[in-house]
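A short worksheet on the structure shown next.
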Amino acid sequence: MLAVAAQPDGDAVVDGDRRVTFRDLDLRSNQLAHLLIELGVVPDAVLAIGMPGSLEWVLAAWAIAKAGGGCLSVDPTHPFPPSIHSLGLGARICHDPLGTGGLADPRGKACLVSSELVTRTVEDGVATLTLNRPEKLNALTTASFEELRAHLDALATADVRCIVLTGAGRSFCAGHDLESLAAGDAMESRHAEAQTITMLEEFPAPVIGKIRGHCFTGGLELALACDILVAGDTAQFGDTHSQWGLAPVWGMSVRLPERVGMARAKELSFTARRISGVEAADIGLVNHCVSDVGLDEFVARLAAQIAANSAGANRIYKSLYASTRELDRAQALRAETDLPYGLPDDALERLTRR
């Protein structure tokens, strides 16, 4: 039987006399997921590693879910241990995927679904928020926004110096889930989604958007709330509102021209043209475009650099940069000189330890 830590910050995953930290399992499954994506072996992957419930089985199952895979072929004679449901950040086994009353599909298929639509980990002052609907290319729903808002609320009082926002599997976010949109999916307030994106933008710590794969329309509006964007070289960006007969309501008409200029923003919106990560970097939509293979490492280094600096100084910088949108140049210069946000609490300590 596999024992699994109940919380992401829990101690370990144990298989027999073996022991591995939850974070290590998360990192290893990320690496395996990226390999599956590179090899193009994602859907309906056959799992022949270990027994269902073993450490290798959990690692492979989680990786396939992160890579956007659908089902695993398993031996239906081995039931799935209930403790696997404790994997709060990754895939879990459907209790009854076909309504058969059992854990396993009688045809030997186990449906992988997400236990959370947005997951959260925190390590060394860096919080990672992951959109977690890989089977739907992380398309956004009402519940996605509710979970994202809850995470931001929780992190607001935590010792977090940087946030990394990314997507599970092969895409960052394909946009608003069109099926749920057509079905009338909406939050209680029609402004709530936009307010959640503004919460991300106004979070007191710097936010990095790590973009792999699709970043379209609503996904792009979400990404534009990040302070820094880093894309893989195969990433695709696009504002497709006009293609679907939709109007932007999450800030596209404001934040896109702030990034790329009004003329270029109009062209992207009017044409609904997709652009690559390389072109996105060329026009200033993203800060960096790196190889897909090196994306995780690049963002990890960038986040560590930010987290090593004064959280107070970065908070003040974010406030000052935001205020320049509302003030003319002379007012903004005067506002900075007046120190409206004070000095960072750690200024003296950092100056004296030189």
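The values are calculated or read from the model by the stated rules, or taken from the named source; none is laboratory data. Computed from a prediction, not measured in an experiment: that's the story for all the values here. Please note: Cβ atoms are built from the backbone with ideal geometry, for glycine as well, and neighbour counts cover all protein chains shown.
Please work out if Ala205 is assigned by TED's automatic domain parsing to the domain that holds Gly251, touching a Cys at 6+ places or on another chain (Cβ under 8 Å) and in a loop (DSSP other than H, G, I, E, B).
So Ala205 fits the description; yes.
Which one of Glu221, Glu193, Glu201 is acidic (Asp, Glu) and surrounded by fewer than 20 Cβ atoms within 10 Å (Cβ to Cβ)?
It is Glu201.
Report those strands (runs of 3 or more DSSP E) wholly inside segment 115-172 carrying at least 2 residues which are within 15 Å of Ile197 (Cβ to Cβ) and not assigned by TED's automatic domain parsing to the domain that holds Leu32.
Per the criteria, 126-131, 162-167.
Which members of segment 122-162 meet the condition of being among the polar types (S, T, N, Q), out of contact with any Leu (no Cβ under 7 Å at 6 or more places or on another chain) and closer than 21 Å to Val299 by Cα?
Within segment 122-162, Thr128, Thr130 meet the criteria.
Name the residues in segment 335-344 that are surrounded by fewer than 13 Cβ atoms within 10 Å (Cβ to Cβ) and under 16 Å from Asn309 (Cβ atoms), would you?
The answer is Leu343, and nothing else.
Test Asp233 against the criterion of being under 23 Å from Ala182 (Cα atoms) and charged (D, E, K, R), and give yes or no. Walk me through it before giving the result.
Details: under 23 Å from Ala182 (Cα atoms): no; charged (D, E, K, R): yes.
Considered against the rule, which asks whether it is under 23 Å from Ala182 (Cα atoms) and charged (D, E, K, R), Asp233 comes out as no.
Does Val299 satisfy being surrounded by fewer than 17 Cβ atoms within 10 Å (Cβ to Cβ) and in the same structural domain as Asp233 (by TED's automatic domain parsing)?
Answer is no for this residue.
Looking only at residues in segment 245-259 that are under 18 Å from Leu178 (Cβ atoms) and either touching a strand residue (DSSP E or B) at 6+ places or on another chain (Cβ under 9 Å) or without any contact (Cβ under 8 Å) to a residue 24 or more places away in the chain (or both), which one is surrounded by the most Cβ atoms within 10 Å (Cβ to Cβ)?
For segment 245-259, the residue satisfying everything is Trp250.
When you scan segment 246-254, do you find a residue that is part of a helix (DSSP H, G or I) and not small (Gly, Ala, Ser), even just one? It would help to see each step written out before you state the result.
Start the filter on segment 246-254 by keeping residues that are part of a helix (DSSP H, G or I), which leaves 252-254.
Of the ones still in play, those that are also not small (Gly, Ala, Ser) are 252, 254.
Looking for residues that are part of a helix (DSSP H, G or I) and not small (Gly, Ala, Ser), one finds at least one in segment 246-254, hence yes.
Here are some conditions: (1) in the same structural domain as Glu123 (by TED's automatic domain parsing); (2) buried (at least 17 other Cβ atoms within 10 Å of the Cβ). Met262 meets all but one. Which one does it not meet?
Met262 satisfies every listed condition except (2).
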